[in-house]
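Visitor: One structure coming up, written as structure tokens, with questions to follow.
The values are calculated or read from the model by the stated rules, or taken from the named source; none is laboratory data. Everything numeric in this text was worked out from a predicted model, so none of it was measured. So basically every Cβ, Gly included, is an ideal-geometry build from the backbone, and we count neighbours across all protein chains shown.
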Amino acid sequence: MLKKLFLLSVAHAVGDMALRTFYIDAFKSPLSVGFGANGQEIPFLWVYVLLAHALINGGCYYYTSGLLLVGLLETVSHFTIDYVSGVGYMPLIADQICHALILFACALYWYSEDKYKNSVIH
């Protein structure tokens, strides 16, 4: 179980920190305004950017665990948590606690599956 928690923590650090660019940081919030090359506002740019960010994180979880459900749970929850945080309804500490709880739930689910049955990590 500790190995799975560690591996998912690394996956989360890679997806949420190492692969998060300035562009993602600047435009993943619903309160941000994005502009195209011609200077025109791009409506709902934040949806695409936040979804890409959530998919990167979910992909890291899926790649690490080999379980599609783990990847989907992380994708949906990451989008939701970052959305609620981005509109100002959740302080940073609550955001991080929610991410940690999801990480723990994913590790627990992975642990409950057959021992490394579908995992890329053996």
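Visitor: Could you please find all residues in the range 63-103 being under 13 Å from the mean Cα position of the chain (by Cα) and of a type in the set (A, V, I, L, M, F, W, C)?
Guide: 70, 72, 73, 76, 79, 81, 98, 100, 101, 102, 103
Visitor: While we're on this one: Just to check your reading of the model, which residue among 87, 33 is farther than 15 Å from residue 9 by Cβ and either small (Gly, Ala, Ser) or in contact with a strand residue (DSSP E or B) (Cβ under 9 Å, 6 or more places away or on another chain) (or both)?
Guide: Details: 87 fails: either small (Gly, Ala, Ser) or in contact with a strand residue (DSSP E or B) (Cβ under 9 Å, 6 or more places away or on another chain) (or both).
Unique residue meeting the criteria: 33.
Visitor: Quick one: which of 29, 119 is of a type in the set (Gly, Ala, Ser), modelled with pLDDT under 95 and within 15 Å of the chain's Cα centre (by Cα)?
Guide: Unique residue meeting the criteria: 29.
Visitor: Quick check on my filter: what residues within the range 1-45 are closer than 17 Å to residue 80 by Cα and without any contact (Cβ under 8 Å) to a residue 12 or more places away in the chain?
Guide: 25, 44
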